Amino acid sequence: MNDICVSNEKPRILIVDDVHENLHTLLNILRQDYAVMAATSGEKALEIARRTPAPDLILLDIHMPEMDGYQVLGHLRSDPSTVEIPVIFVTAAGDIGDDTKGLELGADDYLLKPVMPEMLLTRVRLHLELAAYRKRYGRL
């Protein structure tokens, strides 16, 4: 894990989903290896993302009331303090084009619910490693 973090602290993951059962499922998968935070709204997610220290990665649902995941991603990508945080959409949205739209707007990856724990952990680890590489050596 130390390859991913600059310090000995666990990487910080922010889960954003308005359904508590989904938050708990993801929390249970991630909590052994990561420091996990949760938000049930886009507004709260942005507040947490702008804190210091910021999350190292965000798992973001698309369909939420008031501010959907696409809007949250737009705010994250337009703010210099959050633009580099990797974002993985984790969503039940399986409509054709949802994945493409999310990636075109700047998401780093896209997973469908229900998530397979091994796939989630692999993707999280991969994107944390890529972020650490980018921080050290710059964008690819």
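The values are calculated or read from the model by the stated rules, or taken from the named source; none is laboratory data. What you see is a predicted model, and the numbers here were worked out from it, not measured in a lab. So basically every Cβ, Gly included, is an ideal-geometry build from the backbone, and we count neighbours across all protein chains shown. Please note that ligands, DNA and RNA were not included when accessible areas were found on the heavy atoms of the full protein model with its side chains. Shrake-Rupley method; radii C 1.70, N 1.55, O 1.52, S 1.80 Å.
Restrict the check to region 98-116 and report whether at least one residue is farther than 18 Å from residue 19 by Cβ, open to solvent by less than 30 Å² (accessible area, probe 1.4 Å), of a type in the set (S, T, N, Q) and free of Cβ contacts under 8 Å to residues at least 60 places away in the same chain. No, region 98-116 contains no residue that is farther than 18 Å from residue 19 by Cβ, open to solvent by less than 30 Å² (accessible area, probe 1.4 Å), of a type in the set (S, T, N, Q) and free of Cβ contacts under 8 Å to residues at least 60 places away in the same chain. Against the conditions (1) surrounded by fewer than 21 Cβ atoms within 10 Å (Cβ to Cβ); (2) over 25 Å from residue 135 (Cβ atoms), residue 42 satisfies every one except (1). Residue count for region 70-81, restricted to those that are hydroxyl-bearing (Ser, Thr, Tyr) and either farther than 19 Å from residue 52 by Cα or crowded, with 17+ Cβ neighbours inside 10 Å (or both): 1.
Pairs linking a residue in region 49-66 that is farther than 11 Å from residue 85 by Cα to a residue that is assigned to a loop (DSSP other than H, G, I, E, B) and basic (Lys, Arg), with Cβ atoms under 9 Å and 6 or more positions apart or on different chains, are 61/113. Within region 82-97, the set of residues being in contact (Cβ under 8 Å) with a residue 24 or more places away in the chain, closer than 20 Å to residue 54 by Cβ and part of a loop (DSSP other than H, G, I, E, B) comprises 82, 84, 85, 86. Of the residues making up region 84-131, just one is on the phi > 0 side of the Ramachandran plot and touching a Leu at 6+ places or on another chain (Cβ under 9 Å), namely 106. So residue 34 fits all but one of (1) of a type in the set (Ser, Thr, Tyr); (2) buried (at least 20 other Cβ atoms within 10 Å of the Cβ); (3) more than 22 Å from residue 130 (Cα to Cα); what number is the exception? For residue 34, the failing item is (3). Per the conditions (1) surrounded by 15 or more Cβ atoms within 10 Å (Cβ to Cβ); (2) under 12 Å from the mean Cα position of the chain (by Cα); (3) not in a helix (DSSP H, G or I), the sole criterion not satisfied by residue 67 is (2). The set of residues from region 54-85 being of a type in the set (D, E, K, R) and within 25 Å of residue 121 (Cα to Cα) comprises 56, 61, 68, 77, 84.
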